[in-house]
Amino acid sequence: MLLLLWIEKVNFMAKITTEEIRHIAKLSRLDLTDAEVTLYGDQLSGVLDYVAELQKVDTENVADCNNVTGLENVWRDDTVVASGISADDVAINAPKFENGSFVVPGVFE
């Protein structure tokens, strides 16, 4: 989302600076080498130039369309179906299983 907001403000014909690429990489928690900064900067500049070309297209008389196939979602009742597998059978394959639940390492510190 931040990139989309940034795209609206950027001068599309100008090359993206290495500082901007490093800032985007920092926001994305990417540790880029100098070669990667150059490579990705060139690639992102090319993408933004293409977006600028697309923005020139006149869509004034084009009808809104969010589904070109005409397909619709098919919904069903959310019902619980017994699998026939006991908790003891599941526990056999689990590295750690307590009180009917899998025990896994924490994600957050």
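The values are calculated or read from the model by the stated rules, or taken from the named source; none is laboratory data. Worth saying up front: this structure is predicted, and the values here are computed from it rather than measured. All Cβ positions, even for glycine, are placed from backbone atoms using ideal geometry, and neighbour counts span all protein chains on display. Heads up: the accessible areas ignore ligands, DNA and RNA and are worked out on the full protein's heavy atoms, side chains in. Shrake-Rupley method; radii C 1.70, N 1.55, O 1.52, S 1.80 Å.
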message: Filter the chain for me: DSSP H helices, axial length by Cα at least 27 angstrom, mean Kyte-Doolittle hydropathy not below 0.0. List them by residue number.
response: 34-55
- prompt: For LEU32, which sequence-distant residues (separation of 5 or more, or a different chain) have an amide H within less than 5 Å of its own amide H, given hydrogens modelled in the peptide plane?
  reply: none
message: In whole Hz and in residue order, list the ³J(HN,Hα) couplings for the range 81-91 that follow from phi through the Karplus curve 6.51 cos²θ - 1.76 cosθ + 1.60, θ = phi - 60°; x for Gly and Pro.
response: 10, 5, 8, x, 9, 7, 4, 5, 5, 5, 4
field: For PHE97, residues with placed amide H under 5 Å, excluding near neighbours
entry: VAL103
message: What does the charge count around GLN43 come to, taking other residues whose C-beta lies under 14 Å from its C-beta (Lys +1, Arg +1, Asp -1, Glu -1)?
response: -3
message: Starting from 0.36 nm per residue, how many nanometres of slack lie between ASP88 and GLU36 once their C-alpha separation is accounted for?
response: 13.7 nm
task: Could you point to the label whose value was computed as P(r) over Cα pairs in 5 Å bins from 0, in percent for the structure here, given [x] 2, 10, 14, 17, 16, 15, 12, 7, 4, 2, 0; [y] 2, 8, 11, 10, 8, 7, 8, 10, 11, 10, 9, 5, 1; [z] 2, 8, 7, 8, 8, 6, 6, 5, 5, 5, 5, 5, 4, 4, 4, 3, 3, 3, 3, 2, 2, 1, 1, 0?
output: [y]
- request: Give the carbon-plus-sulfur fraction of the accessible surface of the range 23-69 in %, rounded to a whole number; probe 1.4 Å, heavy atoms of protein chains only.
  value: 52
- prompt: Which whole number of Å³ per residue matches the convex hull of the alpha-carbon atoms in the range 11-56?
  reply: 66
- prompt: What accessible area per residue, rounded to a whole number of Å², is obtained for the range 15-109 using a probe radius of 1.4 Å?
  reply: 94
query: Label ASP49 and ASP78 with points 7 Å out from Cα along Cα→Cβ: what is the distance between them in nm?
result: 4.8
